[in-house]
Every structure is written in structure tokens, then in C-alpha cells.
1. Does at least one position in region 41-54 carry a residue that is in contact with a strand residue (DSSP E or B) (Cβ under 6 Å, 6 or more places away or on another chain) and in a helix (DSSP H, G or I)?
2. Given (1) surrounded by 19 or more Cβ atoms within 10 Å (Cβ to Cβ); (2) within 18 Å of F175 (Cβ to Cβ), where does E30 come up short, assuming only one miss?
3. Could you please find all residues in region 288-313 being assigned to a helix (DSSP H, G or I) and without any contact (Cβ under 8 Å) to a residue 60 or more places away in the chain?
4. Only one residue in I73, I111 is at pLDDT 90 or above, hydrophobic (A, V, I, L, M, F, W, C), closer than 26 Å to T196 by Cα and touching a Gly at 6+ places or on another chain (Cβ under 6 Å). Which one?
5. Give the residues of region 191-238 that are surrounded by 12 or more Cβ atoms within 10 Å (Cβ to Cβ) and hydroxyl-bearing (S, T, Y), sorted by residue number.
6. What is the residue count in region 170-190 for residues that are at pLDDT 90 or above and within 16 Å of the chain's Cα centre (by Cα)?
7. Can you confirm whether region 205-217 contains a residue that is modelled with pLDDT under 90 and outside any helix (DSSP H, G or I)?
8. Restricting to region 212-254, and then to whatever is among the β-branched types (V, I, T) and within 29 Å of A306 (Cα to Cα), can you tell me which residue is nearest to the chain's Cα centre (by Cα)?
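The values are calculated or read from the model by the stated rules, or taken from the named source; none is laboratory data. Since this is a predicted model, take the numbers as computed values, not measurements. A quick note on method: Cβ atoms are made from the backbone with ideal geometry, for glycine too, and the neighbour counts reach across all protein chains shown.
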Amino acid sequence: MITEESIQQFSKNCENIFTQIRRDVIGQQEVVEGTVIAMIAGGNVLLEGVPGVGKTRLVRTLGRVFDMPFSRIQFTPDLMPADVTGTNIIVKGEDGNSQFQFQPGPIFSNIVLADEINRATPKTQSALLEAMQEHTVTVMGVSRKMKEPFFVLATQNPIEQDGTYPLPEAQMDRFMFNLIVPNPGLDELMAIVNMTQKTMAEVAEPVCSGEELLKMRETANQVPVAEEVMRYAMTLCSATHPNSDCASEAAKKYVRLGASPRAGQALISAAKVKALMNGRFNVAYSDVNALAAPVLRHRMKLNFEAIADRVAPDAIVKMIVEEVGTRFGLNPKKEEAAAKAESKKGLFSGKKA
């Protein structure tokens, strides 16, 4: 049962986490909050952005802030699955006889940075599938459990296509969030340059252990969700399917394949964490709306008409949120304003909610 003590500890841990991240990462509030929300909720994150916007630096910072083993895998076209999962090697035993011994790969860590994941071949990309979903790795018929908590934080450049391999739908669906890392604004760019002129060293310190993170997840899981809010969230997911009873007009026109049930699970799990971060002990419509884009944008397969009309996934998600909100009698502008107001006073901004 959720207690006042556990809620206070949750808030304290979040505040410490964001304080340390701010020491190394300037701006990118939505991206940082989204990544931390996903980690607390137990999900994987795909960070998309052009080179130089701080994707890898953010993940490295998280690797230090969370006091857990961290490993980095630089994905390249010649990377093999065994380079990720590990393999059996022949060693000599004490009796002088040769025997097989498993040599764990870099995937056996708590936080795994899959850098430029779309540069590896589909064969190597698939080496992550089992670990991302079941938290196990099978090599030579033997399954091994991952350390908990376990996360894959992947980065990719959406612009450059030469020498890259698009992630398959099955793998995209295993990412709780797809976060778009934008270019910094003018003030942020000035702050970044000023900071890096003094030192390139990353100074964030560990403030949250794996055990504490699991306790935070347990606390968030106990946050109640009203039946009407749950129905609203599930309707959003169903509305992405053009042939469902809940299909939105945007989905009928632009979507070929909608979001899977994992989207509903991700939306509710993440909304619980966001509610606690905003100082509330129940999930609100604004929590669901704020997380709809990162949960749904990579789970929809657009049709030719959407591509021809150059309609972005985020635009479709926005249309779906507005249409479903109208069905539930919500005021889209009011809900959007509420979400923005809570975001501005969030923990990462340095202001307590």
C-alpha cells in the first residue's frame, strides 16, 4: 500500500536525480523527464536527434546518476550478435582439460547504451529483443537472467540513411518511449558553450541506487487510476487502429497499422510516475495527454497518404488526442495548458511541483 513516507522518498529521490542531471545537461527538459519517467516505470527509451544535441551525453550522465553498472555498445555494421550478448569460449580447467566457459557481453549490465543502434545489421539488432522484453539472454540454448533493474537506452540519427538499417517494428514496439531530442535554443546554446569552454568533464554524482529505483517503481505502481481515465487512455491507443470501433478520423485517413497493447501498458505505467512527479497521487487526463506522443509516435505505421501529405506522426497523435478528448467531454486546450503548466513547475526545472 502506498504510504506518505514512500511518496516523500520518491519526491526526494527525483529531486536529487534531476539536480545532478542539471549539472551536466543543459535544457532538454522534456527529454530528460521522459527518460527518467521511463526508467522509473521500467521501460526502454529510443532517443532520436541529429548529431551533437547531447543524446549520448544524457545517457552517460544517467549512467553516473543512477549508481548501477553501465555499459556502452557502439553499434556498427560489422558488430556481431555475440559481441552484444557474449559467447562461450574454450578455457583450460584446473585438471588441464579444455572446457567451455561463458564470457558475458556488454548487455549484462543494468543500464545499456546502444549508441547509433540503427547502424548495426538486423541480425545484431535482434540480439537485443529478448533482453528488452523478457530481461533474459539465451546463448547456445542456455537462458541467463539480466540484473534488475535493466534498461536499454538507444540513440539514432533520423536524418542520415547511408549505412543504416531501420529498426524492425517488433523492436520499435519494445521501446516504451521514442523521444525526439531537439536542437538547443539560443540561450541554451550559449550556456552549453560557456560550460564546455571551462571543462568537458562530466561532474554528476551517483544519487540513486538500483534498489532505490525499484522501490520508486513499486511506489508508482500503487498510484490509483480512475476507471474513466483508464478508459480514456485505452481509447487513445485503440483510436490509432483504422479498423477498430474506436478508430479516429486521423487514423482512418493516415494510419495503416496502429499501436499494440504494449502502448496501453506503457501509457498507464508512465502516467503513474508522471503524476507522482507532479505532486499528485492519482493519474489525471493531463498526464495521459502529455505522454501520448512519446508512447504512440513510433508505434504507428503510416500509410502512403500520410507520407504523400507529409503528415508527421506527432501531428496524427495530436489529432487523435483532440478527437478522443472531445468524445470524453474534455477541453483539449485546457488539458494542454494544464500539462504545460505542470511541466514548467516540474522537478527538472528546479521548481518544486
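1. No, because not a single residue in region 41-54 is in contact with a strand residue (DSSP E or B) (Cβ under 6 Å, 6 or more places away or on another chain) and in a helix (DSSP H, G or I).
2. (1)
3. Within region 288-313, V288, N289, A290, A292, A293, F304, E305, A306, I307, A308, P313 meet the criteria.
4. Numbers: I73 fails: touching a Gly at 6+ places or on another chain (Cβ under 6 Å).
Among I73, I111, only I111 is at pLDDT 90 or above, hydrophobic (A, V, I, L, M, F, W, C), closer than 26 Å to T196 by Cα and touching a Gly at 6+ places or on another chain (Cβ under 6 Å).
5. S209, T219, Y232, T235, S238
6. 12
7. No, the conditions are met nowhere in region 205-217.
8. Here is the first cut: in region 212-254, the ones among the β-branched types (V, I, T) are 219, 223, 225, 229, 235, 240.
Within this subset, residues satisfying the condition of being within 29 Å of A306 (Cα to Cα) are 235, 240.
Working: T235: 22, T240: 20 Å.
This residue is T240.
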